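The values are calculated or read from the model by the stated rules, or taken from the named source; none is laboratory data. Quick caveat: nothing in here was measured; it's all calculated off a predicted structure. Here Cβ is always computed from backbone atoms with ideal geometry, including for glycine, and neighbour counts include all displayed protein chains. Side chains are part of the model used for accessible areas, which takes the heavy atoms of the whole protein and leaves out ligands, DNA and RNA. Shrake-Rupley method; radii C 1.70, N 1.55, O 1.52, S 1.80 Å.
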Amino acid sequence: MMAVFERVTRLKSASRFLQFSTTLWPVPSQSPERCSPQRSVGCLQQRLVHGGGSGAVKAAPTRRPFSRVTTGDLKFFRQLLSDRAITDPDLLESSNVDWLKSVKGNSELLLRPKTTEEVSQILRYCNERNLAVSPQGGNTGLVGGSVPVFDEIILSTSLMNQVLSFDSISGILTCQAGCVLENLAQYLEECDYIMPLDLGAKGSCHIGGNVSTNAGGLRLLRYGSLRGTVLGLEVVLADGRILNCLATLRKDNTGYDLKQLFIGSEGTLGVITAVSILCPRKPASVNVAFLGCASFQDLLATFQTCRGLLGEILSAFEFLDASCMSLLEKHLKLSNPIRESPFYVVIETAGSNAAHDEEKLHRFLDKVMTSALVSDGTVATEESKIKALWSMRERVTEALTHDGYTYKYDISLPVEKIYDLVTDMRHLLGNRAKNVVGYGHVGDGNLHLNIISLSKDPALLAAIEPYVYEWTSRYQGSISAEHGLGLKKRNYIYYSKSPEAVSLMGNIKAMLDPKGILNPYKTLPDNIH
């Protein structure tokens, strides 16, 4: 069907089976079960940012009374970093704007340290001077967490990109926080190992950013979250103290596991400067199947069958709907490798014995074909063909950027409810939305809901929010499965966490960063600061 798939086995039969308007942030005082957040109309100030965890333009939070950068401050940073203290507006531009081009800050200073000691001196000075800091990795986040809101100093880890050590016996990698994920994967491949996480943004994202946002990605089903694979961290606290928890032990039960405070805290509690992470051996046999299903119920039944028959070799189970496929074909000129279907599944297996894996995969495919759970499909075993099939899933986000103004939601739900939200949003919005699409990680119950309009549309946003969060809360889901809260979702945290839990988070923030200089407008809601 496609030139790039000419050597890929087609699933024609089971026997042949072998990828800017203003709306105020709602600030609820209680959980949604006890009261619904109320909306207000007005503007906190003239400066606007793109917010709401979607695509909505919202009023920015009020700037807090932090100091502004002076010539004396510039002198200190230039003495410390020389030409790595950057004030050129042209060079600052890309660091002030997020990947979606939805949030833009006004920082006038970008600092690029190379060592933990330099980060320590920077934060100690900023804390003493009451200068706000916005830590930044690869700037690939989707919730406005990686760029300044006002004039915070940008602290980039891009030059902290060295591998510190790798133990080829234990598979433990220790590296600086600014290492690009794809570069680490390439480094490990030469050692016959792989990274335990894989993301569509792997060519740009930093491992420190991955850890500080607790990024999920495509391999979570197989290798678990970073809370399990990260063994140790080195973190610089707001006052410049260096917390060395850079352990390389699989087991350490001496007191509190402090590293867990910083995994997923989005740079609000400290700046991660180094990571030790447990890496799996590179599988000797990898297969990727791209399958079509007639309904989401068939897709779920396929997943259940998949888990039972593929067992330990199952590495990923991803899905996208027909609307996503249409966008891939229209905007990226990718060709559907199988017949049109309402739903598509990407399944990856990874094991140590090709014959064993092939036998298990054949048994699974025979089962889902004969039971009519899968209507068509194709399988790839060669690396280039595997990448081509994976692109059908990994490039959906890119295709969406070409279709209009996108309101993005990263939701975690019980697996059986994932697509019900997409269906309900289509019924709710009708022709007010240009498109409503769903894709994501079936294996860990993570839906990426995207609602597209021709342009920014406050009326459409008002129909989406808070409905989407109320819907998620009703089924005990999470409003942020893997993207974090950042700037855009911070005030919606009460839909997923109790007031007591949020209050405790605020206490932890106050203890570790009393002046609140680290990412001051991110993650925690406005009524906590």
*If you go through region 99-111 one residue at a time, do you hit one that is touching a strand residue (DSSP E or B) at 6+ places or on another chain (Cβ under 7 Å), under 24 Å from ASP513 (Cβ atoms), in a helix (DSSP H, G or I) and not small (Gly, Ala, Ser)?*
no
*Kindly indicate whether ALA459 is surrounded by fewer than 17 Cβ atoms within 10 Å (Cβ to Cβ), touching a helix residue (DSSP H, G or I) at 6+ places or on another chain (Cβ under 9 Å), in a helix (DSSP H, G or I) and of a type in the set (Gly, Ala, Ser).*
yes
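Results for (1) open to solvent by 10 Å² or more (accessible area, probe 1.4 Å); (2) among the hydroxyl-bearing types (Ser, Thr, Tyr); (3) out of contact with any helix residue (DSSP H, G or I) (no Cβ under 7 Å at 6 or more places or on another chain), shown as yes or no for each residue.
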residue: ASN431; (1), (2), (3): yes, no, yes
residue: ASN435; (1), (2), (3): yes, no, no
residue: ASN446; (1), (2), (3): no, no, yes
residue: LEU449; (1), (2), (3): no, no, no
residue: ILE464; (1), (2), (3): no, no, yes
residue: ALA481; (1), (2), (3): yes, no, yes
residue: LYS488; (1), (2), (3): no, no, yes
residue: TYR521; (1), (2), (3): no, yes, yes
*Would you check which residues across region 238-267 are of a type in the set (Gly, Ala, Ser) and over 19 Å from LEU524 (Cβ atoms) and list them?*
GLY240, ALA247, GLY255
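On the basis of being in contact with a Gly (Cβ under 9 Å, 6 or more places away or on another chain), at pLDDT 95 or above and not in a loop (DSSP other than H, G, I, E, B), does SER134 make the cut?
Here the answer is yes, as SER134 does meet what is asked.
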*Which of the following residues is assigned to a loop (DSSP other than H, G, I, E, B), touching a His at 6+ places or on another chain (Cβ under 9 Å) and at negative phi: LYS488, LYS522, LYS515, LYS509?*
LYS488
*Pick from region 212-238 the residues that are of a type in the set (Ser, Thr, Tyr) and under 21 Å from GLY145 (Cβ atoms): which of them is surrounded by the fewest Cβ atoms within 10 Å (Cβ to Cβ)?*
SER225
_Identity of the residue in region 463-485, part of a loop (DSSP other than H, G, I, E, B) and in contact with a strand residue (DSSP E or B) (Cβ under 8 Å, 6 or more places away or on another chain), that ends up nearest to ASN139 (Cα to Cα)_ = HIS483
*What are the residues in region 258-286 that are assigned to a loop (DSSP other than H, G, I, E, B) and surrounded by fewer than 19 Cβ atoms within 10 Å (Cβ to Cβ), if any?*
LEU258, PRO280, LYS282, ALA284
_Residue under question is ASP420, and the condition is that it be open to solvent by 30 Å² or more (accessible area, probe 1.4 Å), of a type outside the set (S, T, N, Q) and either in a helix (DSSP H, G or I) or touching a helix residue (DSSP H, G or I) at 6+ places or on another chain (Cβ under 9 Å) (or both); does it hold?_
yes
*Here are some conditions: (1) out of contact with any Lys or Arg (no Cβ under 7 Å at 6 or more places or on another chain); (2) hydrophobic (A, V, I, L, M, F, W, C); (3) surrounded by fewer than 22 Cβ atoms within 10 Å (Cβ to Cβ). LEU454 meets all but one. Which one does it not meet?*
(1)
*With respect to GLY443, determine if the residue is within 19 Å of the chain's Cα centre (by Cα), small (Gly, Ala, Ser), over 17 Å from GLU266 (Cβ atoms) and in a helix (DSSP H, G or I).*
yes
*Pairs with Cβ under 6 Å, 6+ apart, first in region 488-505 and within 14 Å of GLN476 (Cβ to Cβ), second β-branched (Val, Ile, Thr)*: TYR495/ILE479; SER496/ILE479
*Looking at PHE303, PHE343, which one is in contact with a Cys (Cβ under 6 Å, 6 or more places away or on another chain), hydrophobic (A, V, I, L, M, F, W, C), open to solvent by 10 Å² or more (accessible area, probe 1.4 Å) and modelled with pLDDT of 95 or more?*
PHE343
*May I ask you to list pairs of residues, at least six apart or on different chains, whose Cβ atoms are under 6 Å apart, with the first in region 261-288 being more than 16 Å from THR157 (Cβ to Cβ) and the second being among the acidic types (Asp, Glu) and open to solvent by 10 Å² or more (accessible area, probe 1.4 Å)?*
LYS282/ASP192; VAL288/GLU348
_Among the residues that make up region 92-113, is at least one of them modelled with pLDDT of 95 or more, more than 28 Å from the chain's Cα centre (by Cα) and either surrounded by fewer than 17 Cβ atoms within 10 Å (Cβ to Cβ) or of a type outside the set (A, V, I, L, M) (or both)?_
no
*Residues that are in contact with an Asp or Glu (Cβ under 8 Å, 6 or more places away or on another chain): find the helices (runs of 4 or more DSSP H) completely inside region 316-416 holding 1 or more of those.*
322-331, 383-394
*asked:* Please go through region 230-257 and give me each residue that is part of a loop (DSSP other than H, G, I, E, B), among the charged types (D, E, K, R) and within 25 Å of the chain's Cα centre (by Cα), ordered by number.
replied: ASP257
*Just give me the residues in region 112-131 being β-branched (Val, Ile, Thr) and assigned to a helix (DSSP H, G or I), in sequence order.*
THR116, VAL119, ILE122
*Would you check if THR87 is surrounded by 13 or more Cβ atoms within 10 Å (Cβ to Cβ) and hydroxyl-bearing (Ser, Thr, Tyr)?*
yes
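Just to verify a result, which residue in region 183-211, among those that are open to solvent by 20 Å² or more (accessible area, probe 1.4 Å) and under 15 Å from the mean Cα position of the chain (by Cα), is nearest to ILE272 (Cα to Cα)?
Restricting to residues being open to solvent by 20 Å² or more (accessible area, probe 1.4 Å) and under 15 Å from the mean Cα position of the chain (by Cα), the top hit is GLY209.
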*How many residues are of a type in the set (S, T, N, Q) and open to solvent by less than 10 Å² (accessible area, probe 1.4 Å) when one looks only at region 157-173?*
0
_Every pair of residues 6+ apart whose Cβ atoms lie under 8 Å, when the first sits in region 293-307 and is of a type in the set (Val, Ile, Thr) while the second is open to solvent by less than 30 Å² (accessible area, probe 1.4 Å) and assigned to a helix (DSSP H, G or I)_ = THR302/VAL368; THR305/PHE364; THR305/VAL368
